[in-house]
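Remarks on the structure that follows.
Just so you know, all these numbers are worked out from the coordinates, no wet-lab data involved. Because the structure is predicted, anything quoted here is derived from the model rather than measured. Here the Cβ positions follow ideal geometry from the backbone for every residue, glycine too, while neighbour counts run over all protein chains shown.
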Amino acid sequence: MKIWEKAPAKINLTLDVLGKRDDGYHEVEMIMTMVDLSDRILLEDLEDDQIILETNSGIIPNDERNLIYKAAHLLKSTYQIKKGVRVFLEKNIPVAAGLAGGSSDAAATLRGLNRLWNLHLTSNELMELGGKIGSDVPFCIVGGTALVKGRGEKVTPIVSPPPGWAILAKLPISVSTTDIYGALNWQDIKEHPNTDQMIIALKDHNFDGITKNLFNVLEEVTFRLYPSVKYLKEQIEGFGADGVLMSGSGPTVFALVNKESRLNRIYNGLRGFCKEVYVVRLLR
Ligand code: ATP
């Protein structure tokens, strides 16, 4: 049997860091939402006990370092599954971009193998496994829009943004999430997002309220280490976008737009100096 699973990218509407935990991870509070830019994963049953991974991407590993491999291996070892799987990853999400591409691939693999191998695991069980692979994986299991806390394991679904688009712009640099958190001194954070106001704006379907409350405490760190990302954000603001924010630890910067005329203006302006620009729908 063969099945396809979609692995959508996420953007952060807010990202706050509240402290550092005893286990070394940061205590986060963030609102994430999925966008219509997805990797596609083909999973095919194998009778022999192997995990074989192929991908059209020339820049990510296709061995045990890949989060897809880790997800399949974890599921097999936790539930003593003797079957194998052949996976093909069609990579469309930019890598190391702040869009959780790898985490979403891992989540899609867990969801897909749960179906392929008839494991009947609940979402909570899949989220618990996912948390062992990466902090963003539990959210990616659930998808939609959610308030995410702890180190990423506490996921509460909330109302998704009203219909609109995100314009994603990525400079040709890769940013390591570990490096950005490593350079963050959380006690020095001067301004925090108003997460409650963002939740209210989402509940009210208030697009202006959403754009006004976009805030990511990691911008300061990434902008310091990669000033070109700050410049990119300023350029997009200059094209007349209402709300512009860096996603995750960057370097992708996005603008939220709900009017087609504005979408075209920003897209055309951006294409002049940023090669990787994606116009994507916000997912419900
Ligand atoms: P996040 O937003 O969760 O911090 P990201 O979008 O910044 O994630 P990813 O695209 O997930 O970053 O990739 C980060 C690293 O993980 C890369 O260096 C890559 O080599 C490795 N990696 C392992 N598996 C995958 C995968 N399936 N897809 C993409 N990257 C992967």
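From its DSSP helices (H runs of at least four residues, each -39,500 (n - 2.57)), the chain gives a residue-normalised ellipticity at 222 nm of -9500 deg cm²/dmol. Take every Cα-Cα pair in segment 2-157 and report what % of them are more than 24 Å apart. Cα-Cα pairs of segment 2-157 separated by over 24 Å account for 30 percent.
For residue 178 and residue 83, what does the FRET efficiency come to when R0 = 30 Å and r is the distance between their Cβ atoms, rounded to the nearest 0.05? It comes to 0.35. When +1 charges are put on Lys and Arg Cβ atoms and -1 charges on Asp and Glu Cβ atoms, the dipole computed for the chain relative to its Cα centre reaches about 500 debye. For segment 176-284, chymotrypsin sites (Phe, Trp or Tyr not before Pro) are listed when DSSP marks them as loop and at most 12 other Cβ atoms sit within 10 Å of their Cβ; the list is 273. Working from Cα positions, state the angle (0 to 90°, nearest 10) between the long axis of helix 260-271 and the longest principal axis of the chain. Taking the Cα atoms of the chain, the angle to 260-271 is about 80 degrees. Normalised by 2.2 N^0.38 Å, where N counts its residues, the alpha-carbon radius of gyration of segment 128-212 equals 1.28. Too long at a 22 Å Cα-Cα cut-off: which of 76/154; 10/149; 10/70? Violating the 22 Å Cα-Cα cut-off are 76/154.
Relative to the dominant Cα principal axis of the chain, helix 227-238 is inclined by about 60°. Considering only the other residues whose Cβ falls under 11 Å of the Cβ of residue 49, what net charge follows from Lys and Arg at +1 and Asp and Glu at -1? Overall, the nearby charge balance is +1. Shown here are the Rg and Dmax of the Cα trace of segment 1-75, at 16.7, 47 Å. Sorted largest first, the spans of the alpha carbon positions of the chain along the three principal axes are 57, 42, 37 Å.
Under 5 Å between amide hydrogens, built in the peptide plane, is the criterion, and for residue 27 it picks out 18, 19, 20, 21 among residues at least 5 positions away or on other chains.
Counting lysine pairs in segment 165-281 that sit 8 or more residues apart in sequence, or on different chains, and whose Cα atoms lie under 24 Å apart gives 17.
With neighbour counts taken as other beta-carbon atoms within 10 Å, the residues 120, 26 rank, fewest first, as 120, 26.
Rounded to the nearest 10 degrees, the angle from helix 101-116 to the longest Cα principal axis of the chain is 40 degrees. The separation of segment 56-132 from segment 140-216, counted between C-alpha centres, amounts to 24 Å. Note on segment 165-281: percent of Cα-Cα distances in each 5 Å bin, starting at 0 and stopping at the bin with the largest distance, equals 2, 11, 21, 22, 19, 15, 8, 2, 0.
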